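Some notes on the structure that comes next.
Nothing in this text is a laboratory measurement; each read-out follows from the coordinates by a stated rule. On a predicted model such as this, the values are computed, not experimentally measured, just so you know. When we count neighbours, we look across all protein chains shown, and the Cβ atoms used for this are built from the backbone with ideal geometry, even at glycine.
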Amino acid sequence: MNGAPERRKLVPPHLADSLLLAYLDGELPRVDIEGARTHLEGCWSCRRRLSVLEASIDNYVDQRAPLQPYLALNGEQRVQQFRERLARHAEASELSIGEKLRAYGQAALAGIASHRRAALASMVAACLLVAMFTDVLGTRVSADTLLNRAQSFEATQRPYSGKVSRMAVRLDRIQRRTGRTQTLGTITVLQDSEKAIAYLASESASGDREPAVLASLSGGQDTPQIALLAEDLPAAMTSYLHSQHWLPVVTVEAFQELIAGRGLTSSSVQKEAGAFDLIYPFAEGHASGISEARLRLDRGTFATVDLSLFLGSPTDGTEYRFTRTKTSIEPRTAELARLFEPHDLVKSTRTQAIREPARVTPLSYSTTRATDEEVWLNAALHKSDACMGEEIHVFPMSDGSLLVQGLVDKSDRRDAVLKALQAADPKAPTQIFLPREIKSGKQLFNLPYQTPEIPSTLRSDSGATLADLSSQRIPLYEQLFQHFSRPGASAEDTDQQINAFSNEAVTLARQTFLHAWALKKLDLEFSPERSANLSQPTVQELERMRQDHRRWIATISHRQSEMLAQIGGSSPAQLAAASGGPLDADSLLRLAREQNDLVRSLFTVSNSARESGPNVSRLLAVLRRMGA
Amino acid sequence: MNRSTALNLAQVFSLDSVEAGRTPPLEETIVELYATMRVPLLSYAYQVVGSTGEAEDLVQVAFLRLFDQLRRHAPIQNLRSWLYRVVHNLAIDHLRRQGKEDWAVTEWVTHRALETATRSAEHDLIQRQRIAGSLELLNIREKRCLMLRAEGLSYKEIGDVLSISAKAVSVYLARGLKKFEVRNERRA
């Protein structure tokens, strides 16, 4: 666990000679040129190698020159000789009629060959037309093709100048197994032709109207929180929809935003009576809990009909269906125009069309389930001691992926953590910053959970808190002096021993606390609710990490007790571990905090006079309990 | 490729115009092309076979084949690499007929020394032998890639001539140069 961190090369590997040569020769693909140039600007080694290669080329050309004969000699004579030879050759090989016909045939084939791209494109286009407009041989049309058709249709339905479009969407919850349908409410969306803005009003099934919100369609801030969705949809699903900047409208554009973070690329089409069902499954164990999204299109016009999100199996899980109940284009009256004024409404923004990738955001632990991958990444952090009070966390992201993000004090520490993560299986994107790289707090995500508090005295220190013996005395100084003073030894030597002893005591107290903190952190990250889906080996790994921390707490506590015994703080009988069952993470953390405070009060300088006797007794009691 | 070569190539490929009599007949175009490209092709052929006489013949045969090819309206994607490929293949066939796989550079240097005995002083001969020593370190592919690159061919064209990929060309070139460089360093 405490393996010495090896230095990791942050500099990308040097450019290969072949790549450098291709760069010199202008043979590098356009996409690689900039990368090579940037590397060369920053890498002396490769720049030097480049100049060596240039020198080698010059050397080769120089050395080769004297070996070449003077080939241009008698040039005219040679050309004349060739002309005569060619005339004889042409005469001797005059083509017969058959050969001429064959030559024209070859020429025709060559023509097709030289335009084979165009020929191929024509054939593909013809096949696509057949696939799209016929059902010959049961041809299956891809969901994406139909989605494009629907988008084209939708483009013709947008509100033109001086108009406003109105769409009413009904939200139903359907229990697929029983077929029970419950209407949750209706959302009305007005879209302006003058401004990239939408007005959203919702009404629950009981007729309660909720405050309307405005959503900008031109990108920037957060999506609006619509009370109806927040209350009636599962939290994980709401969180995902929010992260995808999804507006509750039944349009192709909105659907594409919805599926952008599903973590899969597969799709399928089901032909229903009069409709196409476009089915887009989500990655297994997706953070949103969604298993599948469906968009139903009218088979004749390709207009969107409804949009469904499934939790659990599409056959016996829960379906949330958004059905378009009304669509109209209305004149932009003054009354309607006022709705788009941002006066007292909640301002919000929506991302641009689907052509831009949806923003991937971190999700909270409370709305996501832990995955095996998450545990194994934490195990890698555990191996590099990054679990010991460092601000490095594994974030579940809205697209179902994981991100390791954090802040460390020094670059060699970052190297060690990165190395541990590189050795881990699976891999995940990693962002570990140094304080100087943080320009604003925006680079770091908010933590996905509430971490246990770390005392400021521990946060500010990277190592032990050194006892200052220069002017003031630590409370246990007299006892320590008696213990360490030897006949003939100078007071300075004794002070040095006291100093070393105190430093070790403070360091051990800190380590004990950080192990207890890490144990509690594991409990918070992998609560029973979050860990329900973990595989058996992963659960065992989690338990191994917990035991690791417990073992360290017991070992260090025992060592601290021995140190106190050395200076006469206890009898051997008191050293025995206290009886009692294992403590839970909360109790261990509380005791660890107490022992840390006590050690600091005994072994560091304080202005206030303190009584050392009772504190030592209490410290021993705490350590015995922790060592159990 | 200079401007005059580009002009000739355009003439070669406008065969319809050639046949309609608006431009010189194919024979004349081939001769002009030969006059333009003779020296670089000869240089390469000479480095492979080691004899100016043989090299001259191989290059002329390559242009006769070009004439046949164009008269049959057979397609040629890149005329330069096509010509080098034909010269290369003819040269290899020539060497094989002589029971050789490669023209030994030392032999080539000796041959050159004999050819220019009246002009070369003794130290020139020693110098050539040193160069030969450097080139002997290279394998056939490395040597040919370097030769063709020195003639101004692009990696793709070299790849077409030797039937290897452009990426492999860059590797052979880099490796060849490195060997050359190491040998020179040792000597220094």
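Obtain the nm distance between the two label points defined at A:LEU444 and A:GLN80 by a simple spin-label model: each point lies 7 Å from its Cα along the Cα-to-C-beta direction.
8.8
Can you tell me which of A:143-155, B:26-38, A:236-248 comes out highest on packing, and rank the rest after it, using the mean Cβ neighbours within 10 Å?
Highest mean packing first, the order is A:236-248, B:26-38, A:143-155.
Please find the FRET efficiency linking A:ALA273 to A:TRP44, where r is the Cβ-Cβ separation and R0 is fixed at 60 Å, and quote it to the nearest 0.05.
Between A:ALA273 and A:TRP44 the formula returns 0.25.
If you take each beta carbon of peptide A:21-33 and count the beta carbons of other chains within 10 angstrom, what is the mean?
Whole-number average of other-chain Cβ neighbours for A:21-33 is 3.
Taking the range A:17-63 as the region of interest, what is the percent of Cα-Cα pairs per 10 angstrom bin, listed from the shortest bin to the one with the maximum distance?
27, 54, 17, 2
How many angstrom lie between the Cα centre of the range A:232-304 and the Cα centre of the range B:56-72?
65
May I ask you to order A:172-182, A:543-553, A:288-298, A:42-52 by the average number of other C-beta atoms within 10 Å around their residues, highest value first?
In descending order of packing, they fall as A:288-298, A:543-553, A:42-52, A:172-182.
Averaged across the residues of B:70-81, what count of C-beta atoms belonging to other chains lies within 10 Å of each residue's C-beta?
Mean partner shielding for this stretch: 3.
Measure off 7 Å from each Cα along the Cα-to-Cβ vector at A:THR145 and A:ASP232, then give the distance between these two points in nanometres to one decimal.
3.7
Per-residue Cβ counts within 10 Å, from other chains only, averaged over A:78-90: what number is that?
Whole-number average of other-chain Cβ neighbours for A:78-90 is 6.
Can you order the peptides B:48-60, B:65-77 by their average number of other Cβ atoms within 10 Å per residue, highest first?
Ranked from most to least packed, the peptides come out as B:48-60, B:65-77.
Give me the base-10 log of I(q)/I(0) for the range A:362-441 at each q in 0.14, 0.20, 0.26 Å⁻¹, Debye formula, one uniform scatterer per Cα, rounded to two decimals.
Debye curve over Cα of the range A:362-441, log10 I(q)/I(0) at q = 0.14, 0.20, 0.26 Å⁻¹: -0.44, -0.88, -1.31.
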